[in-house]
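Take a look at the structure below.
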Amino acid sequence: MMRLKITSMKFINNNLVIVVLLLTSIVFGQTKKVKVDGVVAVVGDYVVLDSDIDLEIIQLKAQGVDTKNITRCELFGKQLEDKLYAHQAIQDSIVVTDVEVYDYMGQQIDAMVEQVGSIDKVIAFYKKKNEEDFRSYFFDIIKMNKLTSQMQKKIIDDVEITPEEVRSFFKEIPEDEIPVFGAEVEVAQIIIKPIISEEEKNKAIDKLKSIRTDVLENGSSFFSKAVLFSEDPGSSSNGGFYKMNRKTAFVKEFKDVAFSLAEGEISEPFETDFGYHIILVEKIKGQEVELRHILISPKVTTQAMKDAKVKIDEIRERITKGDISFADAAKSSSDQKETRNNGGVLLNPRTMEPRFDLTKMDPSLYNQISNFTVGQISMPILDEEQGKGKFYKLITVNNKTEEHKAEFANDYLKIKELALTDKKIKAIAEWTEEKIKETYISINKDYKDCEFANNWLKK
């Protein structure tokens, strides 16, 4: 039964949140007239339409997912689960506010538009009459998904696992099913950035001040100035436009300025890791701000790059001679504040641990260290981070673990995670079984031959 549940959801777990939202369709309430023949199930206050499943299949194919081994019964089962979660969330008085939904909806629609090119293409894909019709439809999708996720969170929030439970879980795994963990490495780096001269910084600031004055005193278009001068590739073509709230993933300095301005106000130039900015706030809607900004990055001179190369060459020579350890050199000289105090050790963004699975590493990093032995130090590498310019770095491998069968002592944390996940799955299964018994569920005869992971047919 567990295998069927996992299979039915595996294609969802590997996609972005936006894709998950796109894969679910919902009809709220019972006030609207629906074609009776299209209703394939009722779960509490929610209905499932046959067209919902059709739409999921179309959307999966559009995402490049091979649907040959995904059955309508599996998709139908996922629909039933989502409706049960959402229905029970309402019964448990879980609140999802309209403001919260609208904020999130704006972000997701912006992302979709960026992916496909225009809102009209999004509307056409969903066969909606107009943008208003689509937004109403999408509002319901997001609301149900938020209710679903909050209900799931409530179910598993208090699930914990003891060391003894981890041990028992591992002992119960059949010998031929013990998981194999891939090769892992611990990587450290030292980054040396070219020093930007005060002259170049002042040039960027002065340019932004000139633009600001031209807009405020001469009525020039901020939109046009952003198109012409902004160095932000993500927004310059759209006149520097962004919509954001305090949870939006912008750097702190940018958000601090954005939320300090009144409507129509233009900030003075300010600095972030990306360069210097000015912001124009166009609208404030509750916790959401609509703004335009212009980014100008100070230029890095050829001499600054040469100086950075000399510095990193010197650091490498000191390390190879044994005058200083790699970790101490990182602490004293690296320009990467996120890793400097940890001796340059990189954290895996997926796990926030200092170990990287070689099969799941960023390809560029993998190519740089895949053939390294422990302790080997790279030659200086010229690299570039989008929006932050070029820099030099040294890389080393601190530790390397080859592919192996799971061992309780050495792989305890990974085994613990597997055990905790298993316990959460069981908690959800128990909850689902209980709520199915308590909830009104009606399933169309066309789907009564499905083999469900859960007892939807109440046999």
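Here, each number is a calculation from the coordinates, and none is a lab measurement. Computed from a prediction, not measured in an experiment: that's the story for all the values here. A quick note on method: Cβ atoms are made from the backbone with ideal geometry, for glycine too, and the neighbour counts reach across all protein chains shown.
With the Kirkwood sum run over all distinct C-alpha pairs, region 48-139 has a hydrodynamic radius of 15.2 Å. Projecting the Cα atoms of Ala62, Ile123, Phe138 onto the charge dipole of region 49-145, computed from C-beta unit charges around the Cα centre, puts Ala62 farthest toward the positive end. The ranking of Ile395, Ile319 from fewest to most other beta carbons within 10 Å of each one's beta carbon is Ile319, Ile395.
Within region 343-453, all pairs of alpha-carbon atoms sorted by distance into 10 Å bins from zero give the percentages 10, 27, 21, 15, 14, 10, 3. From least to most packed, judged by other beta carbons within 10 angstrom and beginning with the fewest, Leu261, Leu75 follow the order Leu261, Leu75. When only the Cβ of Lys, Arg, Asp and Glu is charged (+1, +1, -1, -1), the dipole of region 306-459 relative to its Cα centre reaches about 220 debye. Which entries of Lys78/Lys424; Lys143/Lys426; Lys78/Lys143 have Cα-Cα distances beyond 20 Å here? The pairs that break the limit, which is 20 Å between Cα atoms, are Lys143/Lys426.
For Lys393, a cut-off of 16 angstrom between C-alpha atoms picks up these lysines, skipping any fewer than 8 places away in its own chain: Lys193, Lys306, Lys309, Lys311, Lys331, Lys337. Stokes-Einstein diffusion coefficient for region 165-298 at 25 °C in a medium of 0.890 mPa s, Rh from the Kirkwood formula over Cα pairs: what value in µm²/s? Estimated via Stokes-Einstein, D reaches 137 µm²/s. With the alpha-carbon atoms of the chain aligned to their principal axes, the span from lowest to highest coordinate is 77, 67, 37 Å, starting with the largest.
Here the chain is treated with +1 on each Lys and Arg Cβ and -1 on each Asp and Glu Cβ, and its dipole about the Cα centre works out to around 480 debye. Descending by average beta-carbon neighbour count within 10 Å, the peptides 131-137, 103-109 line up as 103-109, 131-137, the highest first.
Maximal additional length on extending the Ile173-Asp206 stretch stands at 5.3 nm, based on 0.36 nm per residue less the C-alpha distance. Computed log10 I(q)/I(0) for region 214-293 at 0.13, 0.26 Å⁻¹: -0.35, -1.49, from the Debye equation with unit scatterers placed on every C-alpha and solvent omitted.
Think of it as helices only: each DSSP H run of n ≥ 4 in the chain is worth -39500 (n - 2.57), and spread over all residues that comes to -15000 deg cm²/dmol at 222 nm. In Å, what Kirkwood hydrodynamic radius results for region 151-244 from the alpha-carbon pair distances? Over region 151-244, the inverse of the mean reciprocal pair distance is 20.5 Å. Relative to the 2.2 N^0.38 Å rule of thumb, region 325-401 has a C-alpha radius of gyration ratio of 1.08.
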